[in-house]
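Read through the structure below, which is laid out as structure tokens, and then see the notes.
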Amino acid sequence: MSRRFASLALLIGLAAPTSAYAVEISISCSALGQEYEICKQGVDAWSKKTGNTAKIVSTPNSATERLALYQQLLAAGAGDIDVFQIDVVWSGMLSQHFQDLTAKAQGVIDQHFPTMIETSRVKGKLVAMPWFADAGLLYYRKDLLQKHNRPVPQTWSDLTETARTVQAAERQGGSRDLWGFVWQGRAYEGLTVNALEWVSSHNGGTIVDEKGEITINNPKAAAALKTAAGWVGTITPEGVLNYTEEESRGVFQAGNAVFMRNWPYAWALAQGPESAIKDKVGIAPLPKGGADGRNAGTLGGQLLAVSRYSKNAEAATDLVMYLTSADEQKRRAIAGSFNPTIPTLFKDAEITKANPFMGDLLTVFTNAVARPAAATGDNYNKVSTEFFDTVHQVLSKRAEPEQALSRLDRDLKRIKRSGWQ
Ligand code: GLC
């Protein structure tokens, strides 16, 4: 460009089109652990690059409460939030409120895991871009297992036994606040996730199968729930009935539990400067239901979607493409142990150095168990709510597993009569 043309272009704003048309948009981010901070760093980098700005709206930690908030905002057609962080199980239920990103994602979308692409695409429309993948993991205290000469548990009964023994010995030794096993037992989506892991590790199915058949009323599922109910008040504090991810992480990270079930994000925090258990933690697949059971971690994760009611859809889409790009996923994996949704990143040496489990436990992620969101469509939240309420009753000893599951079967059939999709 000649100098004369350059100064002319500058004068009429051609050289800096983005700042000349800079807009402000807003994005909803979860605030679980360091999620808010790490989201903000990504958004700030995008702002710096484009000249646009983005306000961050933080949302409730409970997935179920967050969904209710989104449903309210979207049903009112509110344009207040341009970019929504959504759960992998919500794309079907919320699809009508989001823009189709197919054209913008061309050449990029195929880089992602096929399962993540499937959850992002609803009836041919790409309603969101994959942002990070989750799968349930077993966190354990390496130091305590070593001290008590116990291997990493392979089955739930191994875990129960080890948790009981270590808890008793440590309490006797003066660690009065120590518990064996913490997880997510509040009546919300996280309990559906935990209970699906117990049930499917016992080969008890996935509540509703891929064809839409209700399968939950079976003896293996009942046995799984019975085992879990036995933990409450023995190796697990009663308070677990009100725990989400963060409450269980709080107990574990303070050094007060031998085992914890949680998502990958808890790793970066457990290894962080403020952690009481830094360098004392190992990660393994969740235990099997028995000798003939299987390791089952529920598939979770988050996507980014652009609201149909956004007044700045172009900038909003640009932000989504930036945040879901390989570079940004790499930064988030290193800073916050968020699993990328791009398989090639699992071979990245910096990522696996920061998160050894991502390389070692790749099969946990590739074989993760999906919740029946695709099979139940618009009714997924109803199905999940019936399921977690039932499980919560069993855990709080208000119902026996067999009766509770047969009642659940009847209630799910009633919902199914109105049609799954
Ligand atoms: C995590 C997962 C999500 C799941 C939720 C349950 O946010 O990414 O898929 O539904 O936890 O609490």
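The values are calculated or read from the model by the stated rules, or taken from the named source; none is laboratory data. Quick caveat, the model's predicted, so the values are computed rather than measured. A quick note on method: Cβ atoms are made from the backbone with ideal geometry, for glycine too, and the neighbour counts reach across all protein chains shown. Protein only, heavy atoms only, side chains kept; ligands, DNA and RNA dropped before computing areas. Shrake-Rupley method; radii C 1.70, N 1.55, O 1.52, S 1.80 Å.
Given R0 = 22 Å, the distance between the Cβ atoms of ARG414 and ASP209 translates into a calculated FRET efficiency of 0.75. Computed over region 99-210, the P(r) curve from all C-alpha pair distances, binned at 5 Å from the origin, holds 2, 9, 14, 14, 13, 12, 11, 8, 7, 5, 4, 1, 0 percent per bin. Put simply, the Cα atoms of region 185-246 extend 37, 21, 15 Å along their principal axes, the longest span coming first. Computed over the alpha-carbon pairs of region 18-101, the distance histogram in 10 Å steps reads 16, 46, 32, 6, 0 percent, short to long.
Starting from the Cα of LYS397, draw a straight line to each of the aspartates and glutamates and keep only those under 18 Å, dropping any in the same chain fewer than 8 residues away. Within the straight-line limit of under 18 Å, LYS397 reaches these aspartates and glutamates: GLU238, GLU386, ASP389.
Please report, in debye to the nearest 20, how large the charge dipole of region 158-304 is about its Cα centre when each Lys and Arg carries +1 at its beta carbon and each Asp and Glu carries -1 there.
Working: 13 positive and 16 negative charges, 54 e Å.
With Lys and Arg at +1 and Asp and Glu at -1, about 260 debye.
Across all Cα atoms of the chain, the radius of gyration (one decimal) and Dmax (whole number) stand at 22.8, 83 Å.
Remark on region 290-350: Rg and Dmax equal 16.3, 56 Å (Cα only).
Here the dipole of region 226-340 is about 240 debye; that uses its Cα centre as origin and unit charges on the Cβ of Lys and Arg (positive) and Asp and Glu (negative). Considered as an equivalent ellipsoid built on the Cα gyration tensor, region 243-400 has semi-axes of 28, 25, 17 Å, the largest given first. The residues of region 73-224 present an accessible area of 40 Å² per residue when probed at 1.4 Å with all protein chains retained.
In this rough spin-label picture, where each label sits 7 Å from Cα along the Cβ direction, the LYS347-ASN242 distance is 5.0 nm. When the C-alpha to C-alpha distance is required to be over 25 Å, the pairs from LYS40/LYS330; LYS49/LYS278; LYS147/LYS278; LYS104/LYS353; LYS123/LYS220 that qualify are LYS49/LYS278; LYS104/LYS353; LYS123/LYS220.
For the pair GLN146 and GLU37, a Förster radius of 35 Å applied to the C-beta separation gives a FRET efficiency near 0.60, rounded to the nearest 0.05.
With helices as the sole contributors, the chain gives -13500 deg cm²/dmol at 222 nm; each DSSP H run of n ≥ 4 counts as -39500 (n - 2.57), and the sum is divided by every residue. Each peptide among 204-213, 271-280, 387-396, 60-69 gets the average number of other Cβ atoms lying within 10 Å of its residues, and from highest to lowest they stand as 387-396, 60-69, 204-213, 271-280. Think of a 1.4 Å ball rolled over the protein heavy atoms: region 271-363 then has 41 Å² of accessible area per residue.
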